[in-house]
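What follows is a set of notes on a single structure, which appears directly below.
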Amino acid sequence: MITIEQFKDVKGRTEALKRYLDIDGKQVQVEEEQLRTQAPGFWDDAKAAEAQMKKVKTLQAWIDGYNEVKTLADELALAFDFFKDELVTEEEVDEAYKKALSAVEALELKNMLRQEADQMDCVLKINSGAGGTESQDWASMLMRMYMRWAETHGYKLAIANLQEGDEAGIKSVTMEIEGDSAYGYLKGENGVHRLVRVSPFNAQGKRMTSFSSVFVTPLVDDSIEVNISPACISWDTFRSGGAGGQNVNKVESGVRLRYQYKDPYTGEEEEILIENTETRDQPKNKENAMRQLRSILYNKELQHRMAEQAKIEAGKKKIEWGSQIRSYVFDDRRVKDHRTNYQTSDVNGVMDGKIDEFIKSYLMEFSDTEG
């Protein structure tokens, strides 16, 4: 049975969320923004109309989220009173507390995502490290982990490009994940992920260490201004490979975009290479590749701003020992994040996409340092 202090804690945090989130202000704002959608000719500019609808939807989501917390906190208060009159059991009070606390924590976590980019969808890319089949198999396991996480949260996921491994697994994959604050939740996954296990690909049954890198960028929509120089773009087309199908390898629907990027702050030059084989429609693939380019360029600007604010160097890490953010040690039944020291023994659960506690620990420790 929960204590009176636990009950008061949930009640106090619920009231605090109403203030932090300015729910009363958001309700006034959502009414004003909805009025704009009823103006004559609102849909004449489809892009502006979609941006406005998205604004309304985002505001409403905060209000709905708070209302859900308030309802569960009220139900807990009722259960607490009913227990005194012996109308409900201890187990029912505990269950009401568990639901209310979970909702409070979820909304508190979402409230940490205050950056402009946090609200966006994201592009998540996984690259296998050195080590051939072993690391390519590890990259495919990470891909499955993020796919399961997205599925559990009701997010939409599309594979923009996939390069199969030589014998097993994958060399790289680029996934687009669309859903409420997808970038905000997944930005902490950026970095090198290290696997230690007895390898199924090693005849002597040796313990092997593998690395894969995860790179997460916000998926930028048309409402964000990004400067792209058309003179710096070149295109190649190629025949998409894949698992069977009559159209495979017959039509050059795959596109390869090369962009000659010059960093406006350092003057350094690099070639950004994007491949897209998402559909069998070449113009659509070109459109998707351009969207990813805009996301990468936006992310570069974002990284620069964060580096300025935090006075840190946001350089890319090498895929090697010592630079990992998280270790997955299968035979010791341990997954540990080296930045927050959060760890769990539920290795199977993590590989099935249960990474919310890692995400939460990261946001609680680092959200205030990101500007």
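The values are calculated or read from the model by the stated rules, or taken from the named source; none is laboratory data. Worth saying up front: this structure is predicted, and the values here are computed from it rather than measured. Note that we place each Cβ from the backbone using ideal geometry, even for glycine, and neighbour counts take in every protein chain shown.
Checking the structure you have, find out if any residue of region 73-84 is within 22 Å of residue 179 (Cβ to Cβ) and either assigned to a helix (DSSP H, G or I) or of a type in the set (Ser, Thr, Tyr) (or both). Reasoning before the result, please.
Going residue by residue through region 73-84, those that are within 22 Å of residue 179 (Cβ to Cβ) are none.
No; the residues of region 73-84 include none that is within 22 Å of residue 179 (Cβ to Cβ) and either assigned to a helix (DSSP H, G or I) or of a type in the set (Ser, Thr, Tyr) (or both).
Residue-wise test of (1) more than 31 Å from the chain's Cα centre (by Cα); (2) touching a residue at least 40 places away in the same chain (Cβ under 8 Å); (3) in a helix (DSSP H, G or I); (4) more than 18 Å from residue 111 (Cα to Cα).
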position: 1; (1), (2), (3), (4): yes, yes, no, yes
position: 10; (1), (2), (3), (4): no, yes, yes, no
position: 15; (1), (2), (3), (4): no, no, yes, no
position: 18; (1), (2), (3), (4): no, yes, yes, no
position: 33; (1), (2), (3), (4): no, no, yes, yes
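I'd like the full set of residues that are more than 20 Å from residue 141 (Cα to Cα), touching a strand residue (DSSP E or B) at 6+ places or on another chain (Cβ under 8 Å) and touching a residue at least 24 places away in the same chain (Cβ under 8 Å), limited to region 326-367.
If the condition is that a residue be more than 20 Å from residue 141 (Cα to Cα), touching a strand residue (DSSP E or B) at 6+ places or on another chain (Cβ under 8 Å) and touching a residue at least 24 places away in the same chain (Cβ under 8 Å), then 339, 361, 362 are the ones that fit.
Give the residues of region 203-234 that are out of contact with any strand residue (DSSP E or B) (no Cβ under 6 Å at 6 or more places or on another chain) and loosely packed, with under 14 Cβ neighbours inside 10 Å, sorted by residue number.
Within region 203-234, 203, 204, 206, 222, 223, 225, 227, 228, 229, 230, 231 meet the criteria.
Looking only at region 167-204, count how many residues are under 17 Å from residue 324 (Cβ atoms) and either of a type in the set (Val, Ile, Thr) or without any contact (Cβ under 8 Å) to a residue 12 or more places away in the chain (or both).
Number satisfying all stated conditions: 2.
Looking at region 136-168, which of the residues that are at pLDDT below 95 and surrounded by 21 or more Cβ atoms within 10 Å (Cβ to Cβ) is farthest from residue 200 (Cα to Cα)?
160
Has region 195-210 got at least one residue that is out of contact with any Asp or Glu (no Cβ under 9 Å at 6 or more places or on another chain) and under 19 Å from residue 122 (Cα atoms)?
no
Quick one: which of 39, 49 is within 28 Å of the chain's Cα centre (by Cα), over 22 Å from residue 108 (Cα atoms) and assigned by TED's automatic domain parsing to the domain that holds residue 98? Spell out how you get there, then give the answer.
Working: 39 fails: within 28 Å of the chain's Cα centre (by Cα).
Sole residue among the options that is within 28 Å of the chain's Cα centre (by Cα), over 22 Å from residue 108 (Cα atoms) and assigned by TED's automatic domain parsing to the domain that holds residue 98: 49.
Within region 347-371, track down each residue that is under 23 Å from residue 108 (Cβ atoms) and part of a loop (DSSP other than H, G, I, E, B).
Hits for region 347-371 are 353, 354, 355, 370, 371.
Among the residues of region 74-96, is any modelled with pLDDT of 90 or more and within 23 Å of residue 364 (Cα to Cα)?
No, there is no match, as no residue in region 74-96 is modelled with pLDDT of 90 or more and within 23 Å of residue 364 (Cα to Cα).
So is residue 323 modelled with pLDDT of 90 or more and either charged (D, E, K, R) or touching a strand residue (DSSP E or B) at 6+ places or on another chain (Cβ under 9 Å) (or both) or not? Spell out the reasoning first.
Values: modelled with pLDDT of 90 or more: no; either charged (D, E, K, R) or touching a strand residue (DSSP E or B) at 6+ places or on another chain (Cβ under 9 Å) (or both): yes.
Criteria not met by residue 323.
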